[in-house]
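Here the structure comes first, spelled out in structure tokens, and everything after it is commentary.
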Amino acid sequence: MQEQSLASPVPVPTLSAAARRRQLKEKVIAGLVTAVAFTGIAALILILIFVAKEALGLFTDPHARQEASLSKMFLPQVTRPGRPATFVWQPVSSVPKVSMIPLFIGTLKTTLVSMFVAVPLGVFGALFAAEFAPRRLREVLKPTIELLAGIPSVVLGFFALMVMASFVQDLFGLESRLNAVVAGLGLALAIVPVIFTVSEDALTAVPRSYREASLALGATPWETAWKVVLPAAAPGILAACVLGFGRAIGETMIVLMASGNAAIVSARLGDSVRSLSATIAAEMGEVVVGSPHYSLLFFIGVELFAFTFVLNMFATSWTRKVMKRLTGGAG
Amino acid sequence: MKKTLLSSLTALVALATPLAAQAGTLTVKGSDTMVILVQRWAEEFMKKNPGTKVQVTGGGSGTGLSALQNGTTDIAMSSREMKEAEQEKLRARFSTTGVEIPVAKDGVTFYVNETNPVTALTVEQLKGIYLGDTTNWKDVGGPAANIVLYSRENSSGTYSFVKDNVLGGDDYAANAQTLPGTAAVVNAVAKEKNGIGYGGAAYAKGVKELKIKKGSEEFAPTADNVKSGKYPLSRNLFFYLRNKPSGEAKAFIDFTLSPEGQAVVTKVGYFPVK
């Protein structure tokens, strides 16, 4: 250790050359770390600026403004004469129809199904692993579930498309093989590991003294886990769910492969859906650069970004509130 | 230094090649459907004729034909015939109506599940199905079950072909599921008892290809029927030139129509004209 040389008992009024060098080194390192941190933020801001800039054409170009006005994007339009007004997404057409509503519904459906499956699975799995599982089992369980996170989403999508789709169709007697349920289940496979890992970390981070106090007061292990450990880890578990939600809303490949990609407005989960992210992926390849359709796809990107941003904000403020209540109650 | 040496060397090679007497580049522009095919031809051709450079760009048939009128491309590739207005423009500027050379054929096949008793449909029936007006198989002679529609992504050339030639330019029904790639459509229809989908004929495995009914006759999407034009859902893919091809253009077009060039057509998934 170099510090030993500095620990001399004689007080030195001026800094030695070695100390000065050390101080300089320290400053350089601090600067580097700050720069790295800011690079991340800068990249994020630059991406946002780029995406927003490409989407801006939608509002500045008169041709685009006429073809894809806000009312055309969000209000029902008459697409075939003599029929009631509907929400239709058909951007490649002699008269492009650009309603975002079917895409919102599609994203909402797949995300809800996946969260409905993945949150209980992930959280209860984590609770089991952290509180009840024998040590040996836990050492196998955790890496195995984390391994699931390493499976590429194309593979998960392929699995959902080939195996799960037929199974789900036979099970529920659904009309279309590829639908919101299949896509949601495929998504759940991708987000269970996320929710499990982060929740498990939050649960194990709960101080031992909480458990000991609860058990000493006569609570059963189950009561301890359910009424003491789980609430104490609530902020971490919420963070896990938000992370999972963010992944589910933006995940593209699984949804693209397993949802059928039909932009239908309906409440049934058995119908095929088209999500926002899958729409970008499917249509970006051949779109004419600078056309209204191109700007529209970037606009969808901005919307996706806005969703996750707002959600994260709410989650953070809620977490803070819960933390305050928990620590306030304890103190 | 090295670069100039290299370029002078290539120039020498170009001069030595008799076909490429006017060494330079040949530009081909137009139909996005044809880009992949012509790109492949260009690669093969340039391998044989290193002195000639063939530049292939897409943009759509209309773009290619207007480039031909402006004189900015040597060959226009088009998946439709030249319109009269376009011929007029060409005549006004170059006093020629252009030369039309069909180089390949493109056809689309409709598939159903192998268990489906329906074997042939008219184009009108297909239109009704894909517009969402006909929703049950029993309306077209099948079992009483809802039709499950499979379509392609709107970036696909086949999507536009069906839209133009079957739907008459109208939009697909909203509940048509769009899948990435013909293989995905075939796979989905193979597994979906009540499904219907479309794509190139070369892909049809594990599904039943629908014949197209025209009057009292039915036509299967075979190479013969497509070549003779009897199969209704096929179209010619053209090269358009201002004048009779000569020099490099002639060499390139001769290559595309040669047995070797036509073999490429089959490989890419279209039908040969010869």
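The values are calculated or read from the model by the stated rules, or taken from the named source; none is laboratory data. Remember, predicted model here, so these are calculated numbers, not experimental data. Here the Cβ is made from the backbone with ideal geometry for all residues, glycine too, and neighbour counts use every protein chain on show.
Name the one entry in A:Ala258, A:Ala262, A:Ala232 that is touching a strand residue (DSSP E or B) at 6+ places or on another chain (Cβ under 7 Å) and of a type outside the set (Phe, Trp, Tyr).
None of the others qualify; the one that does is A:Ala262.
Residue check, B:Gly206 against (1) away from chain A (no Cβ under 14 Å); (2) touching a residue at least 60 places away in the same chain (Cβ under 8 Å); (3) not hydrophobic (A, V, I, L, M, F, W, C), all met but one. Which one?
Of everything listed in (1) away from chain A (no Cβ under 14 Å); (2) touching a residue at least 60 places away in the same chain (Cβ under 8 Å); (3) not hydrophobic (A, V, I, L, M, F, W, C), B:Gly206 misses just condition (1).
On the basis of being hydroxyl-bearing (Ser, Thr, Tyr), more than 14 Å from chain A (Cβ to nearest Cβ) and without any contact (Cβ under 8 Å) to a residue 60 or more places away in the chain, does B:Ser95 make the cut?
yes
Looking at (1) at pLDDT 90 or above; (2) in contact with a helix residue (DSSP H, G or I) (Cβ under 7 Å, 6 or more places away or on another chain); (3) within 14 Å of another protein chain (Cβ to nearest Cβ), find the lone condition where A:Val194 falls short.
(3)
So B:Asp74 ticks every box in (1) in contact with a helix residue (DSSP H, G or I) (Cβ under 6 Å, 6 or more places away or on another chain); (2) modelled with pLDDT under 90; (3) farther than 28 Å from A:His293 by Cα; (4) among the acidic types (Asp, Glu) but one. Which box is left unticked?
B:Asp74 satisfies every listed condition except (2).
Among the candidates B:Asn236, B:Asn243, B:Asn225, single out the residue that is away from chain A (no Cβ under 14 Å), free of Cβ contacts under 8 Å to residues at least 40 places away in the same chain and over 30 Å from A:Met253 (Cα atoms).
Criteria check complete, one pass: B:Asn225.
Do we find that B:Glu100 is surrounded by fewer than 19 Cβ atoms within 10 Å (Cβ to Cβ) and either touching a Cys at 6+ places or on another chain (Cβ under 7 Å) or part of a strand (DSSP E or B) (or both) in this structure?
The answer is yes for B:Glu100.
How about segment B:107-127: which of its residues are surrounded by fewer than 23 Cβ atoms within 10 Å (Cβ to Cβ), in contact with an Asp or Glu (Cβ under 9 Å, 6 or more places away or on another chain) and either within 14 Å of chain A (Cβ to nearest Cβ) or not small (Gly, Ala, Ser) (or both)?
Matches in segment B:107-127: B:Asn113, B:Thr119, B:Gln125, B:Lys127.
Hey, can you tell me all the residues within segment B:150-183 that are farther than 19 Å from A:Val287 by Cβ, among the aliphatic types (A, V, I, L, M), under 24 Å from the mean Cα position of the chain (by Cα) and at the interface with chain A (Cβ under 8 Å from one of its Cβ atoms)?
If the condition is that a residue be farther than 19 Å from A:Val287 by Cβ, among the aliphatic types (A, V, I, L, M), under 24 Å from the mean Cα position of the chain (by Cα) and at the interface with chain A (Cβ under 8 Å from one of its Cβ atoms), then B:Ala176 is the only one that fits.
Is it the case, given these coordinates, that A:Ala183 is under 20 Å from the mean Cα position of the chain (by Cα) and either within 14 Å of chain B (Cβ to nearest Cβ) or at positive phi (or both)?
Yes: the conditions hold for A:Ala183.
Tell me, which helices (runs of 4 or more DSSP H) wholly within segment A:90-162 include 1 or more residues that are within 14 Å of another protein chain (Cβ to nearest Cβ)?
Once the helices (runs of 4 or more DSSP H) in segment A:90-162 are filtered for at least 1 residues that are within 14 Å of another protein chain (Cβ to nearest Cβ), what remains is A:101-127, A:153-159.
Out of A:Glu212, A:Glu223, A:Glu175, A:Glu200, report the one residue that is among the acidic types (Asp, Glu), in a helix (DSSP H, G or I) and either under 25 Å from A:Val310 (Cα atoms) or in contact (Cβ under 8 Å) with a residue 24 or more places away in the chain (or both).
One residue alone meets the criteria, A:Glu200.
Looking at segment A:74-89, which of its residues are under 23 Å from B:Tyr159 (Cβ atoms) and either surrounded by fewer than 19 Cβ atoms within 10 Å (Cβ to Cβ) or touching a residue at least 40 places away in the same chain (Cβ under 8 Å) (or both)?
A:Gln77, A:Arg80, A:Arg83, A:Thr86, A:Phe87, A:Val88, A:Trp89
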